[in-house]
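Student: Can you keep this structure in mind? I'll have questions shortly.
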Amino acid sequence: MKRAWQFALMLLLIALAAYPQRYRFEREPRGPSPDFPKASEFHFVRVEYTDLPQFHRGWGYASRDASGTGWWMVDWPDADEHFTTGVRRLTRIDAGAPVHFRLTDDQLFDHPWLYATQTGWWGLTDAECARLREYLQRGGFLVVDDFWGPEQWEIFRQTMDRVLPGHGITDIAEGDSVMHVLYDIREKDRTWIPGTRHLRRGVNGSTVVQQPPGTDPAWRALYDDKNRLVVAVNFNTDVGDAWEYADAPEYPEAMTTLAYRYGINYLIYSMTH
């Protein structure tokens, strides 16, 4: 009986060793931010917004100054800084220090491009909706990212109905200029971009990507009355994590590359259309 128990335990340990385990992505203590110029033609602007009360949670752990809470902080500040570094390396755009503003801050109108994450949990006030509508109608561009599933989609859709009534959300066609303004992104390239929660450690330290059922990625958009793309929608995919972990060897390089191509295409489109 004892030998049988020991044999069963050995088989269990072998099975656990072979089963992909989730990466912990533990990092060294954060150092100072990169030395970005303070005044430049482009700044990564992260939108601070009001959460739905039932979904509010604090994300102060990511804050260097221990201030701020809310879903808007997910992946901050590493995603913003890594993307800005990529813009400086891959383009001639004069990219400066990332910033973050409330939707009601007048400084938004000084910037052509905004980023908002976790928009399946936002609960914009009437004032925030009105300000976002004005920003988009005056030529601004918004990228939304990292929200998942039917419930979050419905929250986002209802919010955008308040922001831009009568402007439906459609899939971005392969021939849309936003997909070719710098990098050519074809239909076959639109692969799923995982969050780190979807990565596991396989045998020999390899990375295994585990995509949950029902998370087919969608690249969608809202257009204004002049058929200009004003909101780029990354649904069921996590571009922000691919930026945040661009320096992590465990994160798949091909997916980070695609995330940068999307972001830079959106950025150049926003500054030229």
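The values are calculated or read from the model by the stated rules, or taken from the named source; none is laboratory data. In this text, all values refer to a predicted model and were calculated from it rather than measured experimentally. Neighbour counts are summed over all protein chains in view; Cβ atoms, including those assigned to glycine, are modelled from backbone coordinates with ideal geometry. Side chains are part of the model used for accessible areas, which takes the heavy atoms of the whole protein and leaves out ligands, DNA and RNA. Shrake-Rupley method; radii C 1.70, N 1.55, O 1.52, S 1.80 Å.
Student: Accessible area of the stretch 61-156 with a 1.4 Å probe: how many percent of it is carbon plus sulfur?
Tutor: About 48 percent, which is the carbon plus sulfur part of the accessible surface.
Student: Can I ask one more? Roughly how many Å² is the accessible area per residue of the stretch 131-273, as a whole number, for a 1.4 Å probe? Spell out each step's value before the answer.
Tutor: Values: 6130 Å² over 143 residues.
Heavy-atom SASA per residue in the stretch 131-273 reads 43 Å².
Student: Quick one: Cα centre-to-centre distance for the stretch 86-134 and the stretch 208-270, in angstrom?
Tutor: Here the answer is 16 Å between Cα centres.
Student: Something else: Once the other residues with Cβ under 15 Å from the Cβ of H273 are scored (Lys, Arg +1; Asp, Glu -1), what is the net sum? Show your work: numbers first, answer last.
Tutor: Working: positive: R138, K226, R228; negative: D176, D224, D225.
In short, 0.
Student: OK, next. Carbon and sulfur atoms: what percent of the 1.4 Å accessible area of the stretch 179-273 do they account for? Spell out each step's value before the answer.
Tutor: Numbers: 1960 of 4050 Å².
The nonpolar share, carbon plus sulfur, comes to 48 percent.
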